[in-house]
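Here the structure comes first, spelled out in structure tokens, and everything after it is commentary.
Coordinate-derived values only; no laboratory data. None of the values given here were measured: they were computed from a predicted structure. Don't worry about glycine lacking a Cβ; one is built from the backbone with ideal geometry, like all the others, and counts go over all protein chains shown.
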Amino acid sequence: MNKPTKIKELTSHEVSQLLTDKKFSKLKPSNCSQCGEKKRFLRRIFKVNGVAESKHSDDKTQNNIRLQFKQEYSIDFIFFKTHDGRFFVDSAVCEDCKSTAIVYDIDLFDPDTISEISKLTGQSKEEIIMGLRKTSDMLENE
Ligand SMILES: [Zn+2]
């Protein structure tokens, strides 16, 4: 028998504390797949207990948890994050249309991401930021 998985929603205070952590908040809600909203999301984060660390990225484990979120919380899209050895489920609600099918993306302009790209490509940070601006302008004008 597997140990039961226990899911506990963080309070809004715990959520805002966790979101001050740069590593945790790198991947964040970027787009509502229903109405296209890009900014106003209510974040809901859950701590998952009873899952061994070796199983955090296991497909079967994640699918079971996904199913549980659909059934118990009516949340369509969730994202798994391991942070400081703890296992979290990150989700968001669109404040406009209340959809939970929110697409997550990495914040392109995050300073840590930019220095990583700089190391990988040998471009200066300024060049990278300019390139990213052009790309995101193109995407917005689509
Ligand atoms: Zn929406």
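Ordered by the count of other Cβ atoms within 10 Å of each Cβ, fewest first, Arg66, Arg133 give Arg133, Arg66. Each residue of the stretch 1-71 gets 129 Å³ once the volume of the Cα convex hull is shared out per residue.
Counting other Cβ atoms within 10 Å, keep those with at most 13, restrict to DSSP loop, and tell me which chymotrypsin sites (Phe, Trp or Tyr not before Pro) in the stretch 58-142 are left.
Phe109
The stretch 42-71 and the stretch 75-128 have Cα centres separated by 18 Å. What translational diffusion coefficient, in µm²/s and rounded to a whole number, does the Stokes-Einstein relation yield for the chain at 20 °C and a viscosity of 1.002 mPa s, taking the hydrodynamic radius as the Kirkwood radius over Cα pairs? My calculation gives 127 µm²/s for D.
Rounded to the nearest 20 debye, the dipole size of the stretch 6-106 about its Cα centre is 120 debye, using +1 on the Cβ of Lys and Arg and -1 on the Cβ of Asp and Glu.
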